[in-house]
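Okay, so here's the structure we're looking at.
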Amino acid sequence: MTETTYAVTVSTDEPTIVVRRFVAAPPALVWRAWTEPGLFARWIGPRYLSTDVVEMDVRVGGSYRFVQTAPDGGTHAFHGDYLEVEPTRRLVSTFVYEPFPDASATDTLELDEVEGGTLMRLVSRHASFETRDGHVAAGMEGGMTEGFERLDELVVDGALA
């Protein structure tokens, strides 16, 4: 496994996006990056946006909300509910971009320990191909790529240790 292992698959058979990404840290540390507000805010999304985690109650029935702010003051807000929580292994939640609440998805994150770190597998399941394709067209992959690069920097800097 190498640091650059990364793949995004947009299914032709179902309205899903599947992301696989290697992180050179053990699952427990990658879990912290996804579930601790201060760490999550440091890596999620593209560099030009700052992130404020408003709420993050990581338990079944809990919820989260974060707001990203652009240099021009424009904001992007997201929220969801936690449906399944298996610490260091699996996290299932809804994902809603607030301007388009009818285009929500259910995200399943799985963390598998592999040689040298963790293989993350994120499946984003949409209600329709139309909403899934809108998510992709909005630049999801670019923001995700940059965010994962920022996650790698947290590992290198020792912020997850």
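What follows draws every value from the coordinates through simple rules; no lab data is involved. Every value quoted in this text rests on a predicted model; they were computed, and no experiment measured them. We place every Cβ from the backbone using ideal geometry, glycine too, and count neighbours over all the protein chains shown.
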One finds, for Thr69 and Val8 with R0 = 22 angstrom and r their Cβ-Cβ distance, a FRET efficiency to the nearest 0.05 of 0.30
Given unit charges at Cβ for Lys, Arg (+) and Asp, Glu (-), the dipole magnitude of segment 38-161 about its Cα centre in debye, nearest 20, is 140
When the charge dipole of the chain is computed with +1 at the Cβ of Lys and Arg and -1 at the Cβ of Asp and Glu, the Cα pointing farthest to the positive end, of Ala127, Pro46, Ser11, is that of Pro46
For the Val54, Glu84 Cβ pair and Förster radius 25 Å, calculated FRET efficiency rounded to 0.05 is 0.70
The answer for Ser11, listing residues at least 5 apart or on another chain whose modeled amide H is closer than 5 Å to its amide H, is Thr16, Val18
Charge tally for neighbours of Thr12 with beta carbon under 14 Å away, counting Lys, Arg as +1 and Asp, Glu as -1, is -2
1/(1 + (r/R0)^6) with r = Cβ-Cβ of Asp133 and Ala161, R0 = 35 Å, i.e. FRET efficiency to nearest 0.05, evaluates to 0.35
Per the helix-only model, the chain has a calculated mean residue ellipticity at 222 nm (DSSP H runs of ≥4, -39500 (n - 2.57) each, divided over all residues, rounded to the nearest 500) of -8000 deg cm²/dmol
Where a ≥ b ≥ c are root eigenvalues of the Cα gyration tensor, a/c under 1.5 meaning rounded, otherwise prolate if a/b exceeds b/c and oblate otherwise, segment 14-69 counts as rounded
